[in-house]
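Notes for the one structure printed next.
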Amino acid sequence: EVADSNCVYRNVVDHAAAEFTQVLFDDVASDPTLPRTKSVRCVACGHGEAVFFQATARGEEGMTLFFVCCNPSCGHRWRD
């Protein structure tokens, strides 16, 4: 795929062992480093593209798959 820009993004998170990294869902949909899928449909707006990532959910063990709608006016998030 041909890129529109040669800019590379890098997000460095430094935290102590007792701290947790917080995901800012508002920035996730525009993050060019996250994978995107067109195999899901947002239940809030019907948009057919979402970014996804894995993270630990609050109060749960293991990893959870999170989706965020790529529609800029929606931003709905859900988990699988």
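Six or more apart or on different chains, Cβ under 9 Å: which pairs go from a residue in the range 59-77 that's of a type in the set (Lys, Arg) to one that's in a strand (DSSP E or B) and buried (at least 17 other Cβ atoms within 10 Å of the Cβ)? Could you list them?
Taking only residues 6 or more apart or on different chains, the pairs are Arg77/Ala50; Arg77/Phe66; Arg77/Phe67; Arg77/Val68; Arg77/Cys69.
Of the residues that sit in the range 31-58 and are at pLDDT below 80 and open to solvent by 60 Å² or more (accessible area, probe 1.4 Å), which one is farthest from Val8 (Cα to Cα)?
Arg58
What pairs come out if I take residues in the range 27-41 that are touching a residue at least 12 places away in the same chain (Cβ under 8 Å) and pair them with residues that are exposed (fewer than 12 other Cβ atoms within 10 Å of the Cβ) and among the hydroxyl-bearing types (Ser, Thr, Tyr) whose C-beta lies under 8 Å away, six or more apart or interchain?
Short answer, once both residue conditions are applied: Asp31/Tyr9; Pro32/Tyr9; Thr33/Tyr9.
The values are calculated or read from the model by the stated rules, or taken from the named source; none is laboratory data. These numbers come from a predicted model, not from an experiment. Cβ: placed from backbone, ideal geometry, glycine included. Neighbour counts: every protein chain shown. For the accessible areas, the whole protein counts, side chains as well, though only heavy atoms, and no ligand, DNA or RNA atoms are used. Shrake-Rupley method; radii C 1.70, N 1.55, O 1.52, S 1.80 Å.
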